[in-house]
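Working notes for the structure below.
The values are calculated or read from the model by the stated rules, or taken from the named source; none is laboratory data. Quantities reported herein were computed from a predicted structural model and do not represent experimental measurements. No Cβ is skipped: glycine too gets one built from the backbone with ideal geometry, and neighbour counts run over all protein chains shown. The protein model used for the area step is the full one, side chains on, heavy atoms only, and it has no ligands, DNA or RNA in it. Shrake-Rupley method; radii C 1.70, N 1.55, O 1.52, S 1.80 Å.
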Amino acid sequence: MEEKMAAFRELLKKSERVAVLTGAGISAESGVPTFRGDDGLWQNYRAMDLATPQAFARDPELVWQFYNWRRDLISKVTYNPAHKALAELENLVPNFTIITQNVDGLHLLAGSRNIIEIHGNLWKVRCTRCHAITMDRSPDLGNSPKCRSCGGPLRPHVVWFGESLDLDILQRAVDVSRQCQVMLVIGTSGLVQPAASLALEAKSAGAVLAEIDLGSTPHSRFMDFGFQGKAGDIVPRLVEGCA
Ligand code: OAD
């Protein structure tokens, strides 16, 4: 493992364009549940009842209960050494972008600046009537929050199952993936599209890929470097010594 890490570090040091694709696994050590692990959210809750436009149309109060529970949980946790190491790496690489599937905002909290949040942000709400997007960090918004401008029902500004990603945001993520020299893929099961295909975009455009995950994923066989273990252990070790 040490030799492989040293080889990857040398590559990172020489790279001018680095992209990072993150998933729930990077926030697991902060205490944010993943989706598909043994204690994952989708083991205990039915995504179709809580994270689809149909669920919101049927029972907005239930959906808000779920999101208020997640807001409360995430308001009590903070970034971990993996988030922090990525924020440090951004200062060392001329062109550095994090593409995250996470809605928890922990990359920003850790000090990262160039972040593309492809699945939205838990701390943002969107009016279903006037479509205004606002930031609201209260841990509990109640079961039927209303828009301050027009009084319309608010929804979480996150991407639900069955919804398309914002096309401009997706395009930026695809461009970054096609242009990077190195992509780190951290803590994602690689099962949700189109996020999962970004790693393949990078690979087919010639980037070197490295995966950091507890186990193996559908991405693993495309990787040039695989580091199995906790992101909070491995990412700081990869970054230290890059300065
Ligand atoms: P998953 O829960 O599907 O996968 C989490 C990945 O992180 C798995 O591969 C784990 O092995 C790995 N992992 C867990 N703990 C880790 C640790 N400490 N260090 C390193 N790796 C660890 O989460 P995502 O891939 O992010 O979408 O899920 C993708 C999307 O599915 C989410 O953005 C969400 C979900 O439904 C929407 O809500 C639209």
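What the table below lists for this structure:
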read-out: Qualifying residues in region 81-107 (those that are away from the ligand (no atom under 16 Å from the Cβ) and touching a helix residue (DSSP H, G or I) at 6+ places or on another chain (Cβ under 9 Å)) - the one nearest to Val185 (Cα to Cα); value: Thr97
read-out: Residues that are touching a Gly at 6+ places or on another chain (Cβ under 6 Å) and without any contact (Cβ under 8 Å) to a residue 40 or more places away in the chain, drawn from region 186-214; value: Ala196, Glu211
read-out: First in region 217-232 and touching a residue at least 40 places away in the same chain (Cβ under 8 Å), second anywhere and buried (at least 16 other Cβ atoms within 10 Å of the Cβ) and in a loop (DSSP other than H, G, I, E, B), Cβ under 7 Å, 6 or more apart; value: Lys230/Glu29; Ala231/Glu29; Ala231/Gly187; Gly232/Glu29; Gly232/Asn80
read-out: Index of the failed condition, Ala55 passing every other in (1) open to solvent by less than 50 Å² (accessible area, probe 1.4 Å); (2) touching a helix residue (DSSP H, G or I) at 6+ places or on another chain (Cβ under 7 Å); (3) more than 25 Å from Thr128 (Cα to Cα); value: (3)
read-out: Subset of region 185-200 (residues that are open to solvent by 50 Å² or more (accessible area, probe 1.4 Å) and either at pLDDT 95 or above or not assigned by TED's automatic domain parsing to the domain that holds Ala85 (or both)); value: Leu200
read-out: Matching entry among Leu21, Leu41 (being free of Cβ contacts under 8 Å to residues at least 12 places away in the same chain, crowded, with 16+ Cβ neighbours inside 10 Å and within 10 Å of the ligand (Cβ to nearest atom)); value: Leu41
read-out: Residues located in region 17-46, provided they are in contact with a strand residue (DSSP E or B) (Cβ under 6 Å, 6 or more places away or on another chain) and not small (Gly, Ala, Ser); value: Arg17, Val18, Val20, Leu21, Thr22, Ile26
read-out: Unique match (being near the ligand (Cβ under 9 Å from one of its atoms) and part of a loop (DSSP other than H, G, I, E, B)) among Gly232, Gly241, Gly206, Gly190; value: Gly190
read-out: Hits in region 218-237 - residues which are surrounded by fewer than 15 Cβ atoms within 10 Å (Cβ to Cβ) and closer than 21 Å to Leu92 by Cα; value: Asp233
read-out: Residue that is nearest to Ile169 (Cα to Cα), among those in region 209-229 that are within 12 Å of the ligand (Cβ to nearest atom) and aliphatic (A, V, I, L, M); value: Ile212
